[in-house]
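Beneath this line is the structure, given in structure tokens, with notes to follow.
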Amino acid sequence: MSGVEVITFGCRLNTYESEVMRSQAEKAGLNNAILVNTCAVTGEAVRQARQAIRRARRDNPHARIIVTGCAAQTEKQTFAEMAEVDAVLGNEEKLKSASYRALPDFGVSAEEKLRVNDIVSVRATAPQMIRHIDGHVRAFIQVQNGCDHRCTFCIIPYGRGNSRSVPMGAVADQARNLVESGYCEIVLTGVDATSYGADLPGTPTLGLLAKTLLKQIPDIRRLRLSSIDSIEADRHLMDLIADEPRFMPHLHLSLQHGDDMILKRMKRRHSRADAMRFIEDVRRLRPEMSFGADMIAGFPTETEEMFVNAVGLAEQAAIAHLHVFPYSPRPGTPAARMPQLDRALIKERAARLREAGQRLHQTHLDSMVGTRQWLLVENSGLAHTENFTLVAAPGLRPRDLVQVAITGHNGKHLDMQLLAADAA
Ligand code: SF4
């Protein structure tokens, strides 16, 4: 191999940062190197990263292997002690070309491989300009990083530090750059995106940022948010939901559970009633809105009754895109010290919650048949509707925006008949 290859795990923030890492490493003149951008959200994510590192070394015996990302930040020793690894960079260091110029020599000790600072001490997030997101037709833009909350199950703040926002001007420059490169859909992403702006002069909000981008950059055809915490949604966001057709009718919520006692033990800031109130308010403003949600099954102390409340919330809210996470104890988090459920029970409940999610997704697909939709065609021969539903798009070109009639579905994606094309 030659050049710089990037292997990305985890969230859209990592996808964005992997592009920054690639351009910074190339700027530093790095060659014959593999960067592994890890995720620490679950034990499984860390296991997969270690597996990918071993495979990369087997397939590239002479390449330099550099591990970064949240698992590198929170479990740096684990990776430094792997013989396959040449360097371990923290989440801050991975974004700087200087880090790729000052890499340790081959064969040094585990200690010498480490370039990981105290991420909680980081106060600002340096805007990074990219023009391209490899393999994607939707452009992710990092607007915020880190998190000031401390949900008891979550390791992210220990991997990404406290909340910090990218100034509005820098976000607008980045969006303009990507639109000029031909991206017609922009996805604003962060760790806790709804806390955007709390650390900036004038404390702008996420909703105000989105409003400003759509006003200043008319060529943004579709603006989407990666995920939000419903309890922190601001009035500008509600305005966009109600009145702005370019603001996509799809919100992915960090719900996590549907039982108030478990939400309390998770240290979440919303109750079940708060979440339902937000969803009903949004549906009144924008009836075609679809909701996705992250939910955890098998959180410590969860009883059968509490679990049924979680399934009940997903059903009451008619979540169309449910992402289920079997609870995974993360080192150093308060929940890892709580009485744990049996692994088999966690897996069984996750399977039941996923089944509920599939039933809800079926109902959502059924409701889309017979409608007309605008699609953005992806690289995979599939496309996304505005409300983030997958559609088979055989014979259509990636990045095309097309209007279609939905004719049916196969349980996973919708089928369509082309009406009009509006080549982006
Ligand atoms: S809000 Fe909670 S779940 Fe989300 S990143 Fe912060 S600590 Fe983790």
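The values are calculated or read from the model by the stated rules, or taken from the named source; none is laboratory data. Small disclaimer: the values here were computed from a predicted structure and weren't measured. Every residue, glycine among them, receives a Cβ derived from its backbone with ideal geometry; neighbour counts consider all protein chains shown. To get the accessible areas, we keep the full protein, side chains included, count just its heavy atoms, and leave off ligands, DNA and RNA. Shrake-Rupley method; radii C 1.70, N 1.55, O 1.52, S 1.80 Å.
Every residue, every condition in (1) at negative phi; (2) modelled with pLDDT under 95; (3) buried (at least 20 other Cβ atoms within 10 Å of the Cβ), yes or no:
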position	(1), (2), (3)
Leu188	yes, no, yes
Ala198	yes, no, no
Gly202	no, no, no
Gly207	yes, no, yes
Leu223	yes, no, yes
Sort out which residues of the range 182-198 are more than 15 Å from the ligand (Cβ to nearest atom) and either of a type in the set (Lys, Arg) or under 9 Å from Gln144 (Cβ atoms) (or both), and write them in order of number. Leu188, Gly197
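Here is a check on your reading of the model: is Ser109 away from the ligand (no atom under 16 Å from the Cβ) and hydroxyl-bearing (Ser, Thr, Tyr)?
Numbers: away from the ligand (no atom under 16 Å from the Cβ): yes; hydroxyl-bearing (Ser, Thr, Tyr): yes.
Taking the combined requirement at face value, the residue satisfies it.
Which of the residues belonging to the range 235-261 are more than 29 Å from Arg222 (Cβ to Cβ) and out of contact with any strand residue (DSSP E or B) (no Cβ under 8 Å at 6 or more places or on another chain)?
In the first step, residues of the range 235-261 are kept if they are more than 29 Å from Arg222 (Cβ to Cβ); the result is 257-261.
Listed by number, the residues that qualify are Asp259, Asp260, Met261.
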Among residues of the range 374-411 being open to solvent by 30 Å² or more (accessible area, probe 1.4 Å) and assigned to a strand (DSSP E or B), the residue nearest to Gln362 (Cα to Cα) is His409
Selection over the range 92-116 where residues are more than 13 Å from Arg22 (Cα to Cα) and in a loop (DSSP other than H, G, I, E, B) yields a count of 10
Might you let me know whether the range 122-145 holds any residue that is within 16 Å of the ligand (Cβ to nearest atom), farther than 22 Å from Ile7 by Cα and open to solvent by 10 Å² or more (accessible area, probe 1.4 Å)? yes
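Does Gly292 satisfy the condition of being within 16 Å of the ligand (Cβ to nearest atom) and under 18 Å from Thr363 (Cβ atoms)? If you could, list the steps in order and put the result at the bottom.
Details: within 16 Å of the ligand (Cβ to nearest atom): yes; under 18 Å from Thr363 (Cβ atoms): yes.
Taking the combined requirement at face value, the residue satisfies it.
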Being small (Gly, Ala, Ser), surrounded by 16 or more Cβ atoms within 10 Å (Cβ to Cβ) and assigned to a loop (DSSP other than H, G, I, E, B) is the filter here, so list the residues in the range 288-346 that pass it. Gly298, Ala317, Ala320, Ser328
